[in-house]
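Q: I'd like to ask you about the structure that follows.
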Amino acid sequence: MHLSFGKLIIFAQWLLTRRPTTVAIDITHKCNLKCLHCYWWKQEHPMELDDGQMVAFLKGLRAGGLRAAILYGGEPTLRPEICRAADRIFDISLAFTNGVNGFPRLQNGQWILSLDGPETENDRIRGEGVYQKAVENLEYAARPPIVHMTISKINQNSLERFVREMMALPIKGMGFSFVTPNRGMADENLFIPLAQRNQLVMELLRLRKKYGEKVGFTPAMARHLLTHGAFSEWNNLSTCPVSQRVRCYRSDGRPKVCTYGDQADCSRCGCAAVVAYRGAYKPFDYQTLRVILGLMTPAYQARKSPYEKDVENISGETNGP
């Protein structure tokens, strides 16, 4: 697995310092969907920097020592040239998309496709026809995207069905978060109470054992989500590693506290980034580090899952990368 000099520096900073390494930025204040669980449209939408201003802003962040970028929105594919610019400026770039507009080609960056279950559940959350359009576009992606699922009450009973569907598609792997509500909001139709979430965490581990490494969820990651594990060690702003390592910005260049916004309820956090980072480094865990390497190295291919091998034996063809 090849790691550039810049990526090696990021790893060294993670291991040896507490220095911020990453920018998470809403590169646009526009979106073509209005997903039920999304924090973005529930917040104020400031104006966005124009192309020249945004590129200059990103270059300034890179000059200030931030080597990795996570591109959010709104919907980043509404500004494909900014996505390409970020891909050139930073050593690592990850771009989240709903997939409706396809996957603009990036030289080194990684697209992360947000889907939230099989077609019925996904489209209940994201809008009619979104699942089919995203899956159609996925087939034409220059490089296999990672699929990211936000688990909520709507899709919690469809985990295995969704994983099975995704394993048959040309994806690089899968990641999972849980809905994180805003402070003071019950979100009774979406948020899964923490005690119930424990059961789903264990279900994700079962799915990884059954379907293989493409299910990007490890025992070390599970430990940091379980209420009887290490969850209480980080579920507040002062101890959150993402708030320490990542600098978050709105589309107009103003800072914000968290990628989920200033009102995110840390005590009920379900962020995949936190559990991946802590799972990899507190204490060191190679399995979880491989999950992170899968994000950082576009050429990296996870091992085939048992499911893929079964399909290959039956049909003589492979599914996925």
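The values are calculated or read from the model by the stated rules, or taken from the named source; none is laboratory data. Note that the structure is predicted; figures quoted are calculated from it, not measured. As a convention, Cβ positions derive from the backbone with ideal geometry for all residues, glycine included, and neighbour counts pool all protein chains shown.
Q: So which pairs qualify, if the first residue must be in region 230-254 and basic (Lys, Arg), the second must be surrounded by 15 or more Cβ atoms within 10 Å (Cβ to Cβ) and assigned to a helix (DSSP H, G or I), the Cβ gap must be under 8 Å, and the two must be at least 6 apart or on different chains?
A: Sorted first by the residue in region 230-254, then by its partner, the pairs are ARG245/TRP14; ARG245/TYR277; ARG247/LEU61.
Q: Quick one: count up the residues across region 50-92 that are over 20 Å from PHE11 (Cα atoms) and either among the charged types (D, E, K, R) or touching a His at 6+ places or on another chain (Cβ under 7 Å) (or both).
A: Residues flagged as over 20 Å from PHE11 (Cα atoms) and either among the charged types (D, E, K, R) or touching a His at 6+ places or on another chain (Cβ under 7 Å) (or both) within region 50-92 amount to 8.
Q: Out of the residues in region 103-151 that are small (Gly, Ala, Ser) and surrounded by 18 or more Cβ atoms within 10 Å (Cβ to Cβ), which is nearest to GLY175 (Cα to Cα)?
A: SER114
Q: So, one more: Scan region 283-295 and tell me whether some residue there is over 17 Å from LEU94 (Cβ atoms) and in a helix (DSSP H, G or I).
A: yes
Q: Let me ask something additional. Here are the criteria: (1) in contact with a Leu (Cβ under 9 Å, 6 or more places away or on another chain); (2) surrounded by 17 or more Cβ atoms within 10 Å (Cβ to Cβ). Tell me which single one GLU160 does not satisfy.
A: Condition not satisfied by GLU160: (2).
Q: I'd like the residue in region 164-189 that is aliphatic (A, V, I, L, M), part of a loop (DSSP other than H, G, I, E, B) and touching a residue at least 60 places away in the same chain (Cβ under 8 Å) and, out of all such residues, is nearest to GLU44 (Cα to Cα).
A: For region 164-189, the residue satisfying everything is MET185.
Q: A follow-up question, please. Return the pairs, sorted by first residue and then second, in which the second residue is surrounded by fewer than 21 Cβ atoms within 10 Å (Cβ to Cβ), the first residue lies in region 90-115 and is of a type in the set (Lys, Arg), the beta carbons are less than 6 Å apart, and the residues are 6+ apart or on different chains.
A: ARG105/ALA142
Q: Please go through region 224-261 and pick out each residue that is modelled with pLDDT of 95 or more, surrounded by 19 or more Cβ atoms within 10 Å (Cβ to Cβ) and closer than 30 Å to GLU165 by Cβ.
A: Of everything in region 224-261, those that are modelled with pLDDT of 95 or more, surrounded by 19 or more Cβ atoms within 10 Å (Cβ to Cβ) and closer than 30 Å to GLU165 by Cβ turn out to be HIS224, LEU225, PHE231.
Q: Sticking with this one: Which count do you get for residues in region 283-297 that are of a type outside the set (Ser, Thr, Tyr), surrounded by fewer than 18 Cβ atoms within 10 Å (Cβ to Cβ) and modelled with pLDDT under 90?
A: Count: 1.
Q: Moving on. Give region 216-266 a look and list any residue that's aliphatic (A, V, I, L, M), part of a helix (DSSP H, G or I) and touching a Pro at 6+ places or on another chain (Cβ under 9 Å), or say none.
A: ALA220
Q: Here is a further query. Just give me the residues in region 187-223 being more than 13 Å from PHE176 (Cα to Cα), basic (Lys, Arg) and either surrounded by 21 or more Cβ atoms within 10 Å (Cβ to Cβ) or at pLDDT below 95 (or both), in sequence order.
A: Within region 187-223, none qualify.
Q: Need at least 1 residues that are charged (D, E, K, R) and modelled with pLDDT of 95 or more per element, so show me which helices (runs of 4 or more DSSP H) inside region 1-113 make the cut, counting only ones lying wholly within it.
A: 51-63, 80-89
Q: Another question about this same structure. Looking at (1) in a loop (DSSP other than H, G, I, E, B); (2) under 14 Å from the mean Cα position of the chain (by Cα), which is the only condition VAL147 fails?
A: For VAL147, the exception is condition (1).
Q: A further question on this structure: Answer with yes or no whether GLU128 is without any contact (Cβ under 8 Å) to a residue 12 or more places away in the chain and more than 25 Å from SER232 (Cβ to Cβ).
A: When the stated conditions are applied, GLU128 passes them.
Residues checked against (1) out of contact with any Ser or Thr (no Cβ under 9 Å at 6 or more places or on another chain); (2) of a type in the set (Gly, Ala, Ser); (3) more than 19 Å from CYS269 (Cα to Cα):
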site: LEU106; (1), (2), (3): no, no, yes
site: LEU113; (1), (2), (3): no, no, yes
site: ILE125; (1), (2), (3): no, no, yes
site: LYS133; (1), (2), (3): yes, no, yes
site: HIS148; (1), (2), (3): no, no, no
site: GLU160; (1), (2), (3): yes, no, yes
site: LYS172; (1), (2), (3): yes, no, yes
site: PHE178; (1), (2), (3): no, no, no
site: ALA186; (1), (2), (3): yes, yes, no
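Q: Which residues, taken from region 147-183, are among the hydrophobic types (A, V, I, L, M, F, W, C), in contact with a strand residue (DSSP E or B) (Cβ under 9 Å, 6 or more places away or on another chain) and within 18 Å of ASN137 (Cα to Cα)?
A: Selection gives VAL147, MET149, PHE162, MET166, MET167, LEU169, ILE171, MET174.
Q: Inspect region 60-79 for any residue being buried (at least 17 other Cβ atoms within 10 Å of the Cβ), more than 18 Å from the chain's Cα centre (by Cα) and among the β-branched types (Val, Ile, Thr) and give the result as yes or no.
A: No, region 60-79 contains no residue that is buried (at least 17 other Cβ atoms within 10 Å of the Cβ), more than 18 Å from the chain's Cα centre (by Cα) and among the β-branched types (Val, Ile, Thr).
Q: Tally time: how many residues in region 231-249 are within 16 Å of GLY65 (Cα to Cα) and aliphatic (A, V, I, L, M)?
A: 1
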